[in-house]
Amino acid sequence: MMITDLTKSELYIHIPFCVKKCLYCDFLSFPADEKTKERYIEALCDELLFIGSERCDKPLRSVFIGGGTPSVLPAEHMVRVMNVVKERFTLEDDAEITIECNPGTLDEEKLTAYRACGINRLSIGLQSSHESELKSLGRIHNYEDFVRSIRMAEKAGFDNINVDLMSGLPGQSASSFEETLRKVCTLSENIKHISAYSLIIEEETPFGQMYEDGRLDLPDEDADREMYHMTSRILKEYGFERYEISNYARKGYECIHNIGYWTGVEYFAAGLDAASYYGHCRYTDTPDMEEYLKDPLAGPVLIEKLDQQGLISEYMILGLRLISGVSVSEFEKRFKTGIFDVYGREIDRFISDGLLEHCEDRIKLSEKGLDLANFVMRAFI
Ligand code: SF4
């Protein structure tokens, strides 16, 4: 699973619509009327047809339909998108095809249609099992909606489900977070993956303003650390192994799409503000909806060429996010230079400080290094 296969590509499809904006969210997402959604799908399919015919010449090992909340769309829109993908791209037989969903936007018809058109993985945003915490985030659902979604998903045949959770929320305590973790772990055998992120306060959001005004009742630093440390301990009890700083999976269910991203696999992307990475360049589509709807093939509004040092630096920073770290031999094969020739000084220093470990072919963060990951990674920029 962790092996980088550069003969394959990945595809990301962005759906920017949500029922309403959560108070902490700075993603490009917003509510929209049905007409706009229809026009968007039209434009998106045109862009996918183009990418499939003119750009992507490798088989896809994964497709990720993200957002926003892709599950706000009527089922037929998603079927249409998937039909274009199947028609114009080569999908590996065991390709992982994920759709992001939110409780409160799923029903049996949508889930059955997803399964029938080839989607085989769901990523459901729960964040917390507590009503008061969900309310404080401005989420549209409660825990019962989530349980209903899981049961409907199982009935539709989904056996590979990710759940997103958050810690460090207003009003959250270590014990309420522990309760959320245990509830999710025991709810269903089909929950195979958990992403657990800490809340980040983004300036340009209502939470940013509330924080400025001193109106956010956030957990103190000790409680925050306690939640961080309990996550891997509790998830391990239920068979979820940590394989990335914030991601945990049952054996064999690590997210193929994200591993590709962390190990430098090329990816193509379609949709508003979507970013592709291939040929050592990153290409970003327009973030302006009207512009995108007018001409989805207008080409990227931003092109970033990564030079050798940029590629190396990105490879190290993303690779160290993985618990298994970076492969010394793969680094050499890819960059035609040794990892110690480029970063010998940094690696030696962090090993003697106990923050990095060198085990056989891999350089990885130690337990202590995981706590100070941002500090370590800064040295590789
Ligand atoms: S559902 Fe997700 S993408 Fe939509 S507003 Fe909330 S956090 Fe943002």
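Which members of region 42-85 meet the condition of being closer than 13 Å to ALA270 by Cβ, of a type in the set (Val, Ile, Thr) and in contact with a strand residue (DSSP E or B) (Cβ under 9 Å, 6 or more places away or on another chain)?
ILE51, VAL63, ILE65, VAL81, VAL85
Out of the residues in region 32-45 that are farther than 30 Å from PRO170 by Cα and within 16 Å of the ligand (Cβ to nearest atom), which is surrounded by the most Cβ atoms within 10 Å (Cβ to Cβ)?
Going through the qualifying residues, I end up with TYR40.
Of a type in the set (Ser, Thr, Tyr), closer than 30 Å to GLY369 by Cβ and under 22 Å from the mean Cα position of the chain (by Cα): which single residue out of TYR211, TYR253 fits that description?
TYR253
Output yes when any residue across region 324-346 is over 20 Å from ALA196 (Cα atoms), out of contact with any Leu (no Cβ under 7 Å at 6 or more places or on another chain), assigned to a loop (DSSP other than H, G, I, E, B) and open to solvent by less than 30 Å² (accessible area, probe 1.4 Å), and no when none is.
There is at least one residue in region 324-346 that is over 20 Å from ALA196 (Cα atoms), out of contact with any Leu (no Cβ under 7 Å at 6 or more places or on another chain), assigned to a loop (DSSP other than H, G, I, E, B) and open to solvent by less than 30 Å² (accessible area, probe 1.4 Å).
Run down SER62, SER29 and say which single residue is within 14 Å of the ligand (Cβ to nearest atom) and either among the hydroxyl-bearing types (Ser, Thr, Tyr) or at pLDDT 95 or above (or both).
SER29
Quick check: anything in region 73-94 at pLDDT 95 or above, within 16 Å of the ligand (Cβ to nearest atom) and touching a Leu at 6+ places or on another chain (Cβ under 8 Å)?
No, region 73-94 has no match at all.
Filter region 12-26 down to residues that are within 23 Å of TYR278 (Cβ to Cβ) and open to solvent by 10 Å² or more (accessible area, probe 1.4 Å) and give me whichever is farthest from the ligand (Cβ to nearest atom).
Result: TYR12.
All but one of (1) among the hydrophobic types (A, V, I, L, M, F, W, C); (2) closer than 25 Å to LYS8 by Cβ; (3) within 16 Å of the ligand (Cβ to nearest atom) hold for LEU48, so report the exception by its number.
Of (1) among the hydrophobic types (A, V, I, L, M, F, W, C); (2) closer than 25 Å to LYS8 by Cβ; (3) within 16 Å of the ligand (Cβ to nearest atom), only one is false for LEU48: (3).
Only one of (1) charged (D, E, K, R); (2) at pLDDT below 95; (3) touching a Ser or Thr at 6+ places or on another chain (Cβ under 6 Å) is not met by ASP371, so which one is it?
(3)
Report, ordered by the first and then the second residue, all pairs with beta carbons closer than 8 Å, sequence separation of six or more or different chains, a first member in region 162-175 that is within 25 Å of GLY252 (Cα to Cα), and a second member that is open to solvent by less than 40 Å² (accessible area, probe 1.4 Å) and assigned to a helix (DSSP H, G or I).
If the second residue must be open to solvent by less than 40 Å² (accessible area, probe 1.4 Å) and assigned to a helix (DSSP H, G or I), the pairs left are VAL163/VAL184; LEU165/THR180; LEU165/LEU181; LEU165/VAL184; MET166/LEU137.
If you scan region 83-109, which residues turn out to be crowded, with 22+ Cβ neighbours inside 10 Å and either in contact with a Pro (Cβ under 6 Å, 6 or more places away or on another chain) or more than 19 Å from LYS8 (Cβ to Cβ) (or both)?
ILE99, CYS101, ASN102, PRO103, LEU106 - these are the residues of region 83-109 that are crowded, with 22+ Cβ neighbours inside 10 Å and either in contact with a Pro (Cβ under 6 Å, 6 or more places away or on another chain) or more than 19 Å from LYS8 (Cβ to Cβ) (or both).
With the requirement that a residue be crowded, with 19+ Cβ neighbours inside 10 Å, away from the ligand (no atom under 13 Å from the Cβ) and over 19 Å from the mean Cα position of the chain (by Cα), what does region 118-135 give you?
SER129, HIS130, GLU133 - these are the residues of region 118-135 that are crowded, with 19+ Cβ neighbours inside 10 Å, away from the ligand (no atom under 13 Å from the Cβ) and over 19 Å from the mean Cα position of the chain (by Cα).
Restricting to region 142-162, what's the tally of residues that are open to solvent by 10 Å² or more (accessible area, probe 1.4 Å), farther than 18 Å from MET82 by Cβ and either among the small types (Gly, Ala, Ser) or not in a helix (DSSP H, G or I) (or both)?
The number of residues fulfilling the criteria is 2.
Give me a count of the residues in region 170-226 that are within 17 Å of SER246 (Cα to Cα) and of a type in the set (Phe, Trp, Tyr).
Result for region 170-226: 2.
Can you name the residue in region 2-11 that is open to solvent by 70 Å² or more (accessible area, probe 1.4 Å) and touching a residue at least 40 places away in the same chain (Cβ under 8 Å) and, of all such residues, is farthest from the ligand (Cβ to nearest atom)?
THR7
So, in region 278-323, of the ones that are among the aliphatic types (A, V, I, L, M), out of contact with any strand residue (DSSP E or B) (no Cβ under 9 Å at 6 or more places or on another chain) and over 14 Å from TRP262 (Cα atoms), which residue ends up least open to solvent (accessible area, probe 1.4 Å)?
The extreme case among them is LEU293.
The values are calculated or read from the model by the stated rules, or taken from the named source; none is laboratory data. Given the structure is predicted, the values throughout are model-derived calculations rather than measurements. A quick note on method: Cβ atoms are made from the backbone with ideal geometry, for glycine too, and the neighbour counts reach across all protein chains shown. Side chains are part of the model used for accessible areas, which takes the heavy atoms of the whole protein and leaves out ligands, DNA and RNA. Shrake-Rupley method; radii C 1.70, N 1.55, O 1.52, S 1.80 Å.
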